[in-house]
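Trainee: The following block contains the structure, expressed as structure tokens.
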Amino acid sequence: MTSRTGAPRIDLHTHSTASDGTLTPVELVRAAGTAGLDVLAITDHDTTAGWAAAVGALPPGLRLIRGAELSCRWSGTEPAVPLHLLAYLFDPDHPELVAELARVRAAREDRGERIVALLRADGIDVSWPEILAGADGGTVGRPHIAQALIRAGLVDSTREAFGSDWLGERYRLPKDDIDVFQAVRLVRSAGGVPVFAHPRATRRGRVVPDELIAELAAAGLAGLEADHEDHSPAERAHVRALAADLGLLVTGSSDFHGTHKTVQLGAFTTGVEAYERIVAEGVTEVASG
Ligand code: AMP
Ligand code: FE
Ligand code: FE
Ligand code: ZN
């Protein structure tokens, strides 16, 4: 592919207000254009709700990969390990996938309400209706609860809200995620390309063993996200080596969330070979501005 200046800049993991980002899909694609990206993927948690608006607002020269980030779990150890699966270029009308995403979004609301009940039981004055309204119809997540803690003056930042005294541990509850093998199969059956997001991010919590990643590769996993701010340099190198062993493609991405995180669009990027493999394997066209 051609780029505007030198090597194409490809960022394959970003969030909008359709989940826990702070830019609307329209603002997100405009910001990607301003940042000089050539390719952007929109990957909101458990939803495709931002796709249409993003496609409609693409600035000239920007290509859009329509995707999502699926909330998954691996039940091979107790308690189950939560993990994230990026899914690119799948059919958004695939009935089973549509149903599973709707189920997970409902489970997120149930979990959010239970987290708020725990906080309130400890005398912390946060309101579930207000938090839900703050998500404005998008997939609700802990970053929305973090905003309520900030508004209440209990923490200063989202990062602090994810500390062990708050949403990171004390008030952390599991949600009813999709079994990761089922998710890989579902994404493939919907014509999509599954990539394991930040698979070695130990700073987020427990991670899965390499043997599990090998089993996922055999089940249809296409790639691993190596360059991500939550990976240390050693973790990035490990993921690259594992991907090479297993014949998986490797991506790098910002996981941009607007002001809910400090990372900027294009902070990490993906090589053109991985991009081309994803495009070749996906059923949905890449949209162009
Ligand atoms: P949830 O999807 O509700 O389990 O919340 C997880 C989301 O919280 C992730 O997708 C990130 O957007 C955000 N998150 C996780 N850890 C942190 C952190 N340390 N600082 C800021 N945001 C975080
Ligand atoms: Fe998020
Ligand atoms: Fe993620
Ligand atoms: Zn993400």
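The values are calculated or read from the model by the stated rules, or taken from the named source; none is laboratory data. Just so you know, these numbers come straight off a predicted model, no measurement behind them. Quick reminder, even Gly has a Cβ in these numbers, built from the backbone with ideal geometry, and neighbours come from all protein chains shown. Just the protein is used for accessible areas: all its heavy atoms, side chains included, with ligands, DNA and RNA removed. Shrake-Rupley method; radii C 1.70, N 1.55, O 1.52, S 1.80 Å.
Trainee: Would you be able to tell me the number of residues in segment 42-63 that are surrounded by 24 or more Cβ atoms within 10 Å (Cβ to Cβ) and either away from ligand 2 (no atom under 14 Å from the Cβ) or of a type outside the set (S, T, N, Q) (or both)?
Mentor: 5
Trainee: Let me ask you something else. For Ala161, all conditions in the list (1) crowded, with 21+ Cβ neighbours inside 10 Å; (2) closer than 30 Å to Gln182 by Cβ; (3) under 20 Å from the mean Cα position of the chain (by Cα) hold save one; what is the number of the exception?
Mentor: (2)
Trainee: Still on this structure, please answer the following. Looking at Leu119, Leu154, Leu186, Leu173, which one is open to solvent by less than 10 Å² (accessible area, probe 1.4 Å), over 26 Å from Gly247 (Cβ atoms), at pLDDT 95 or above and among the hydrophobic types (A, V, I, L, M, F, W, C)? Step through it out loud before you land on a result.
Mentor: Working: Leu154 fails: open to solvent by less than 10 Å² (accessible area, probe 1.4 Å); Leu186 fails: over 26 Å from Gly247 (Cβ atoms); Leu173 fails: open to solvent by less than 10 Å² (accessible area, probe 1.4 Å).
When all the criteria are applied, what remains is Leu119.
Trainee: Give His198, His231 a once-over and let me know the one that is more than 17 Å from Ala68 (Cβ to Cβ), assigned to a loop (DSSP other than H, G, I, E, B) and not polar (S, T, N, Q).
Mentor: Exactly one residue qualifies, and that residue is His231.
Trainee: Can you find, within segment 75-97, the residue that is surrounded by the most Cβ atoms within 10 Å (Cβ to Cβ) among those that are away from ligand 2 (no atom under 16 Å from the Cβ) and under 22 Å from Thr14 (Cβ atoms)?
Mentor: Per the criteria, the residue is Tyr88.
Trainee: Can you pull out the residues in segment 201-220 that are in a helix (DSSP H, G or I) and either of a type outside the set (Gly, Ala, Ser) or within 16 Å of ligand 2 (Cβ to nearest atom) (or both)?
Mentor: First pass over segment 201-220, keeping only residues in a helix (DSSP H, G or I): 202-204, 210-219.
Scanning segment 201-220 gives Thr202, Arg203, Arg204, Asp210, Glu211, Leu212, Ile213, Glu215, Leu216.
Trainee: A follow-up question, please. I'd like the full set of residues that are of a type in the set (A, V, I, L, M, F, W, C) and surrounded by 22 or more Cβ atoms within 10 Å (Cβ to Cβ), limited to segment 24-41. Don't jump to the end; show me each part of the working.
Mentor: Filtering segment 24-41 for residues of a type in the set (A, V, I, L, M, F, W, C) gives 26, 28-29, 31-32, 35, 37, 39-41.
Answer for segment 24-41, where residues must be of a type in the set (A, V, I, L, M, F, W, C) and surrounded by 22 or more Cβ atoms within 10 Å (Cβ to Cβ): Leu28, Val29, Ala32, Leu37, Val39, Leu40, Ala41.
Trainee: Consider Asp125 carefully, then state whether it is over 20 Å from Arg206 (Cα atoms), outside any helix (DSSP H, G or I) and within 22 Å of the chain's Cα centre (by Cα).
Mentor: no
Trainee: Let me ask something else about it. Please verify whether segment 232-239 includes one or more residues that are open to solvent by 30 Å² or more (accessible area, probe 1.4 Å), touching a strand residue (DSSP E or B) at 6+ places or on another chain (Cβ under 6 Å), at pLDDT 95 or above and not basic (Lys, Arg).
Mentor: No, segment 232-239 has no match at all.
Trainee: Can you run down the residue pairs with Cβ atoms below 6 Å, 6 or more apart or on separate chains, where the first is in segment 42-58 and over 13 Å from Ala32 (Cβ atoms) and the partner is surrounded by fewer than 22 Cβ atoms within 10 Å (Cβ to Cβ) and among the hydroxyl-bearing types (Ser, Thr, Tyr)?
Mentor: Nothing qualifies.
Trainee: Okay, moving on. Name the single residue, out of those in segment 1-27 being of a type in the set (A, V, I, L, M, F, W, C) and touching a residue at least 40 places away in the same chain (Cβ under 8 Å), that is nearest to Leu89 (Cα to Cα).
Mentor: So the first thing to find is which residues in segment 1-27 are of a type in the set (A, V, I, L, M, F, W, C), and the list is 1, 7, 10, 12, 18, 23, 26.
The next check asks that each one be touching a residue at least 40 places away in the same chain (Cβ under 8 Å); those that pass are 1, 7, 10, 12, 18, 23.
Values: Met1: 18, Ala7: 23, Ile10: 15, Leu12: 12, Ala18: 17, Leu23: 22 Å.
Only one residue fits best here, namely Leu12.
Trainee: Which of the residues spanning segment 51-101 are in a loop (DSSP other than H, G, I, E, B) and within 22 Å of Phe196 (Cβ to Cβ)?
Mentor: Once the filter is applied, which keeps residues that are in a loop (DSSP other than H, G, I, E, B) and within 22 Å of Phe196 (Cβ to Cβ), segment 51-101 yields Ser75, Gly76, Thr77, Glu78, Pro79, Ala80, Leu89, Phe90, Asp91, Pro92, His94.
Trainee: Right, Ala99: more than 16 Å from ligand 1 (Cβ to nearest atom) and modelled with pLDDT under 95 or not?
Mentor: Criteria not met by Ala99.
Trainee: Here's another thing I want to ask about it. Hey, can you tell me all the residues within segment 128-146 that are under 13 Å from Gly112 (Cα atoms) and either open to solvent by 50 Å² or more (accessible area, probe 1.4 Å) or at pLDDT below 95 (or both)?
Mentor: Pro129, Glu130, Leu132, Ala133, Gly134
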